[in-house]
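The values are calculated or read from the model by the stated rules, or taken from the named source; none is laboratory data. The structure presented is a predicted model; accordingly, all values stated were derived computationally and were not measured. Glycine also receives a Cβ, built like all others from the backbone with ideal geometry; neighbour counts cover every protein chain displayed.
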Amino acid sequence: MGQSINLNTSRMQCIGAYLAKPSGTPRGGIVVVHEIYGINAWVHSVVERFAEAGYTAIAPVFFDHVERDVALGYDEESTRRGRQLVGEVGFELAVEDVASAAEAIASAGRIGCVGFSWGGTIALLAATRLALPAVSYYGSRNVRVMDEAAQAPLMFHFGARDDSIPPAAIARHREAWPQAEIFVYPGARHAFDRDGSAEYYHADSAHLARQRTLDFFARHLCGGA
């Protein structure tokens, strides 16, 4: 099980974070970047899943910069509020928080980043601005930063049925980052990894993407061990 901790940031404001550690020596560390819904039970499960795989994992509570302890559901009002909150946090501050989180778990070894939806774009920026190996799940905002060069390995996961990321947008990813690993899952929509949301969760795609993500971090954080 993980635990809630305080995380010092570059702007001298302390925010929360959810941290989980493996039972043995860490294989590395992973910063988990949440969707627009804040740190909820599903994010906790993602952090704990990486800890079970042998990594020290940490999820910063980005929304603490605006409002403390935000954990939203998936209804229309929560979606509206989540979009408002990520707009107030912005890309720059979120990337700074990823850097702070990576520093906080630096003792685990090499650090990577994984993010989902809004967090998928922050994970991408962790690769372009912080040189962290990163996995980006269905980041519909990625098209805003297509001009940024990757400084670390990248992996992208997309759902073929995701209306927010059409095939043309995926093609632009291949052009912008030809060295990246890009996977498209035929039966999947947006948020297909979120197993707490029956409307979007696609088990086969989620399981395959998770295995590919673990293989990616095994290669780039612990030399394939």
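Give me the pairs: first residue in region 72-96 and free of Cβ contacts under 8 Å to residues at least 60 places away in the same chain, second residue surrounded by fewer than 15 Cβ atoms within 10 Å (Cβ to Cβ), beta-carbon distance under 8 Å, and six or more apart or on different chains, which are they? Close Cβ pairs satisfying both conditions: 85/66; 85/67; 88/66; 89/66.
Scanning region 100-120 for residues that are assigned to a loop (DSSP other than H, G, I, E, B) and more than 14 Å from the chain's Cα centre (by Cα) turns up 105, 109, 110. Scanning region 18-38 for residues being assigned to a strand (DSSP E or B) and among the hydroxyl-bearing types (Ser, Thr, Tyr) gives a total of 1. The sole residue among 45, 4 that is in a helix (DSSP H, G or I), in contact (Cβ under 8 Å) with a residue 12 or more places away in the chain and hydroxyl-bearing (Ser, Thr, Tyr) is 45. Here region 53-84 is the region considered, the condition is being under 13 Å from residue 40 (Cβ atoms) and aliphatic (A, V, I, L, M), and the residue that is surrounded by the most Cβ atoms within 10 Å (Cβ to Cβ) is 59. For region 97-106, the candidate set comprises residues that are surrounded by fewer than 24 Cβ atoms within 10 Å (Cβ to Cβ) and either of a type in the set (Val, Ile, Thr) or touching a residue at least 24 places away in the same chain (Cβ under 8 Å) (or both); within that set, the residue that is nearest to residue 148 (Cα to Cα) is 99. Beta carbons closer than 6 Å, at least 6 apart along the sequence or on distinct chains, pair a first residue in region 27-40 that is among the charged types (D, E, K, R) with a second that is at pLDDT 95 or above and surrounded by fewer than 24 Cβ atoms within 10 Å (Cβ to Cβ) for 27/54.
Scanning region 215-225 for residues that are out of contact with any Gly (no Cβ under 6 Å at 6 or more places or on another chain) and more than 13 Å from residue 136 (Cα to Cα) yields a count of 6.
Restricting attention to region 110-120 and to residues that are of a type outside the set (A, V, I, L, M, F, W, C) and in contact with a helix residue (DSSP H, G or I) (Cβ under 8 Å, 6 or more places away or on another chain), the residue that is surrounded by the fewest Cβ atoms within 10 Å (Cβ to Cβ) turns out to be 110. Just so you know, in region 7-17 the residues that are assigned to a strand (DSSP E or B) and among the hydrophobic types (A, V, I, L, M, F, W, C) include one that is surrounded by the fewest Cβ atoms within 10 Å (Cβ to Cβ), and it is 15. Within region 1-41, if we keep just the residues that are among the hydrophobic types (A, V, I, L, M, F, W, C) and at pLDDT below 95, the residue that is farthest from the chain's Cα centre (by Cα) turns out to be 12.
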